[in-house]
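Laboratory data are not the source of any read-out in this text; all were calculated from the coordinates shown. Bear in mind that the values here come from a model prediction, so they are computed numbers and not experimental data. Ideal geometry is used to build each Cβ from the backbone, glycine not excepted, and the neighbour counts take in all protein chains shown.
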Amino acid sequence: MATESELKQELADERRELQEAVGELREELGQAAERGKKVGVRVGAATGAAVAAKLLLKLTRRRKKND
């Protein structure tokens, strides 16, 4: 059976490992959030371009129809 000091050491080791794991997870979540922001910007830009193209197409058709 483990002594009290051995149990304390094991607990301290486990606590340190958990803290390191939490730190790594936070870093990975931060990286994922940054990737998400980049994707969001790209999707927003693509959507804006599609809306502008649709508007231009409508205006062009309307102009041809009125000519």
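Remarks
- Label-to-label distance, nm, for residues given as ARG15 and ALA52 (7 Å Cα→Cβ offset): 5.7
- Within region 38-56, backbone nitrogen closer than 15 Å to the virtual label 7 Å beyond the Cα of ARG62 toward Cβ: 52-56
- Structure-derived volume of the Cα convex hull per residue in Å³: which label, when the choices are (i) 58; (ii) 104; (iii) 135: (i)
- Calculated [222 nm] ellipticity per residue, helices only, for the chain: -35500 deg cm²/dmol; basis is -39500 (n - 2.57) per DSSP H run with n ≥ 4, divided by all residues, nearest 500.
- Extension gain from ARG26 to GLU6, taking 0.36 nm per residue of separation minus the Cα-Cα distance: 4.2 nm
- Simple Cβ-charge dipole of the chain, Lys/Arg +1 and Asp/Glu -1, about Cα centre, in debye nearest 20: 1960
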